[in-house]
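See structure below.
Nothing in this text is a laboratory measurement; each read-out follows from the coordinates by a stated rule. Remember, predicted model here, so these are calculated numbers, not experimental data. Don't worry about glycine lacking a Cβ; one is built from the backbone with ideal geometry, like all the others, and counts go over all protein chains shown.
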Amino acid sequence: MKIAIPSGLFDIVPTKTKQPWQQIELWQYVEASIRSVAEAFAYREIRVPIFERTELFQRSVGEETDIVSKEMYTFEDRGGRSMTLRPEGTASVMRSFITNAMQNEGSHHRLFYFGPMFRYERPQAGRYRQHHQFGVEVVGAGTAAQDAEIIDLLYTIYKQLGLKNLRVCLNSLGDSESRANFRAAFCDYLNKYVSDLSDDSQRRFETNPLRILDSKDANDQKILEEAPKLQQFLSRDASAHFDAVQSHLDWIELPYTVTDRLVRGLDYYNQTVFEVVSEDLGAQNSLGGGGRYDGLLKMLGGPDLPTAGFATGLERVVQAMINQGVAEIAARGPELFLIALGEEAHETAFRLLHRLRNEGIACQMELSKRKLKPAMQMANQLKAEFVTVLGSDEVKKQEVELKRMADGEKAVIRIEELVQHFKRSKSHV
Ligand code: AMP
């Protein structure tokens with residue numbers, strides 16, 4: 001009996017799939033590209049466990065959020081403790097910062113992570129029960145410049161991957177004084193409409209009214225049209241901070257839209273929040289988002305340092321690349337595919353394969369001694385850049401013919417010069 005993959009999960013494989021976004025080469029390309037941008041922005045990698053004590057997420061993400069109230073994979077371990085597969089990365093990174101007392105090594109830390117996240121959501125396109133995120137966390141910098149820098153980082157990542165038609169939505173939730181004033185006016189307004197609100201929003205009216213701004217319910221949205229706006233309640237400081245974030249983005253000509261209903265799904269945000277959406281993703285159009293969450297580290301028992309960050313889902317990035325036709329670059333095969341005909345050539349080719357690989361040149365050889373035609377088919381399938389066929393003649397002359405698969409161009413090279421040849425062409429890329 002075949003055992004099916006659990007619903008909402010998927011594999012990422014090195015073979016052709018019905019879903020081109022599940023192709024491993026694409027993921028490797030995306031991950032390598034993101035990593036190099038993150039390093040150019042001087043961020044350092046952190047790796048944290050995929051499960052934590054349940055209370056970590058309850059306290060940081062917030063009891064009232066969808067994530068904690070209905071989406072967590074929570075289980076009791078054999079010691080009777082409640083554990084949860086992480087639904088997001090920020091809480092774990094903050095916990096790790098505290099566990100490792102990172103503040104002892106300076107007051108400014110710039111961290112990034114990659115990894116799977118787990119949420120029990122209704123599976124649909126762009127929504128999975130295990131998805132992957134890349135995210136960053138900055139600890140110790142509370143400035144508007146820092147907010148602008150992480151937005152720049154996220155935007156640069158998408159641009160480097162070739163994504164187009166992006167919209168950067170930006171908002172400020174203000175400091176706690178701004179939010180308290182807004183909440184009072186907002187609740188005052190909503191009081192008249194409570195019974196007309198959706199069930200979710202009625203519940204949030206009691207527990208966390210700001211999140212009503214997030215509601216996708218059409219009737220809720222209509223009620224919200226006339227509601228007071230957060231912007232009108234920003235304190236002088238919060239307003240200056242928000243203006244400065246915008247100035248920094250203007251200086252680097254990063255386009256954004258101030259979106260006054262953007263509040264983000266999690267409880268821990270204050271001041272700047274942002275989200276990048278793609279027009280080419282359908283209903284689940286949020287590629288990534290983040291903002292500032294000063295106070296989170298302290299609330300979890302750590303030092304009182306400001307924190308900001310973002311996370312982007314990798315599934316949606318890969319899918320947007322495919323939808324926009326910019327995913328082709330990723331599908332690169334080996335640089336060279338060797339085909340040997342006959343025993344003597346097999347030995348020469350096998351030695352050559354070893355030498356090339358030791359010099360970091362990605363190559364592959366037809367090892368099961370197939371005939372020329374199926375071997376060439378294999379080279380094509382693998383998308384090899386060059387192919388060379390070695391027979392007894394080539395061994396005698398110590399020369400091979402390299403064929404570039406893209407255009408059929410041929411060049412004769414001495415076997416002993418082959419390694420140098422590939423190393424030279426690599427250094428020109
Ligand atoms: P969030 O932590 O909810 O702000 O999510 C950050 C990013 O992760 C989103 O912008 C999405 O790109 C991605 N994401 C969140 N939930 C899922 C999911 N269930 N499946 C796929 N991607 C997701």
Exercise. Of the peptides 195-202, 174-181, how do they stack up when ordered by the mean number of other Cβ atoms within 10 Å, highest first?
Worked result: 174-181, 195-202
Seminar exercise, completed: By the mean-Cβ-within-10 Å protection proxy, highest first, 133-143, 76-86, 227-237 rank as 133-143, 227-237, 76-86
Exercise. In vacuo Debye scattering of segment 1-48, one point per C-alpha: log10 I(q)/I(0) at q = 0.26, 0.28, 0.31 Å⁻¹?
Worked result: -0.96, -1.01, -1.08
Seminar exercise, completed: For the chain, longest principal axis from Cα atoms; helix 176-190 axis from its Cα atoms; angle between them, nearest 10 degrees, is 70
For this session: Take the chain, compute every pairwise Cα distance, and split them into 20 Å bins from 0; I just need the percent in each bin.
Result: 22, 46, 24, 8, 0
Seminar exercise, completed: Helix 343-358 sits off the longest principal axis of the Cα atoms of the chain, rounded to the nearest 10 on a 0 to 90 degree scale, by 30
For this session: Name the residue farthest towards the positive end of the dipole of segment 1-122 from the options GLN22, TYR113, PHE75, assuming +1 on Cβ of Lys and Arg, -1 on Cβ of Asp and Glu, about the Cα centre.
Result: GLN22
Seminar exercise, completed: Note on segment 350-429: contact order normalised by length, alpha-carbon pairs under 8 Å, 6 or more apart, percent, works out to 23
Exercise. Mind checking the log10 I(q)/I(0) for segment 251-318 at q = 0.13, 0.14, 0.28 Å⁻¹? Debye, one equal scatterer per Cα, no solvent, two decimals.
Worked result: -0.46, -0.53, -1.26
Exercise. Which of these, LEU336, LEU26, LEU154, has the largest mean-square fluctuation under a Gaussian network model of the chain (Cα springs below 10 Å)?
Worked result: LEU336
Problem set entry | segment 24-89: Cα Rg divided by the 2.2 N^0.38 Å rule of thumb | 1.48
Exercise. Magnitude of the Cβ-charge dipole of segment 300-348, K/R +1 and D/E -1, about the Cα centre, nearest 20 debye?
Worked result: 440
Exercise. Gap in Å between the Cα centre of segment 195-243 and the Cα centre of segment 361-428?
Worked result: 63
Exercise. Sorted from largest down, what three extents in whole angstroms do the Cα atoms of segment 66-111 have along their principal axes?
Worked result: 37, 27, 12
Seminar exercise, completed: Unit-weight point scatterers at every alpha-carbon of segment 111-252, Debye formula, q = 0.10, 0.12 1/Å: log10 I(q)/I(0) is -0.51, -0.73
Problem set entry | Gyration tensor verdict on segment 327-429 (Cα atoms; rounded if a/c is under 1.5, prolate if a/b is larger than b/c, oblate otherwise) | oblate
Problem set entry | Relative packing of 350-362, 274-286, which averages over residues the other C-beta atoms within 10 Å, highest first | 274-286, 350-362
Exercise. How high is the relative contact order of the chain, in percent, with contacts defined as C-alpha pairs under 8 Å that are six or more residues apart?
Worked result: 15
Seminar exercise, completed: Among SER176, SER60, LEU213, the residue whose Cα sits farthest towards the positive end of the charge dipole of the chain (+1 at Cβ of Lys and Arg, -1 at Cβ of Asp and Glu, taken about the Cα centre) is SER60
Exercise. Percent relative contact order of segment 179-337, based on C-alpha pairs within less than 8 angstrom and at least six residues apart?
Worked result: 14
Exercise. Picking from ALA40, ALA244, ALA148, which is most flexible by a Gaussian network model of the chain using Cα springs under 10 Å?
Worked result: ALA40
Exercise. What percent of all Cα-Cα pairs in segment 164-209 falls in each 5 Å bin, counting up from 0?
Worked result: 5, 18, 21, 17, 15, 12, 7, 5, 1
Seminar exercise, completed: In whole percents, the bins of 5 Å from zero upward hold the Cα-Cα pairs of segment 188-347 as 1, 6, 11, 13, 14, 14, 12, 7, 5, 3, 2, 2, 2, 2, 2, 1, 1, 0
Problem set entry | Three-way shape label, segment 214-287, alpha-carbon gyration tensor, a/c 1.5 | oblate
Problem set entry | In degrees, nearest ten, helix 418-427 long axis to first principal axis of the chain (Cα) | 30
For this session: Report, in cubic angstrom per residue, the convex hull volume of the C-alpha atoms of segment 1-154.
Result: 162
Exercise. Listed here are the pairs LYS16/LYS70; LYS159/LYS423; LYS70/LYS222; LYS18/LYS159; LYS164/LYS192; which of them are more than 31 Å apart at the Cα?
Worked result: LYS16/LYS70; LYS164/LYS192
Problem set entry | Taking N as its residue count, the alpha carbon Rg of segment 104-168 over 2.2 N^0.38 Å | 1.42
For this session: Counting helices only, and only those DSSP H runs with n ≥ 4, report the 222 nm mean residue ellipticity of the chain as the sum of -39,500 (n - 2.57) divided by its residues, in deg cm²/dmol to the nearest 500.
Result: -11000 deg cm²/dmol
Exercise. How do LEU153, LEU338 rank when sorted from fewest to most other Cβ atoms within 10 Å of their own Cβ?
Worked result: LEU153, LEU338
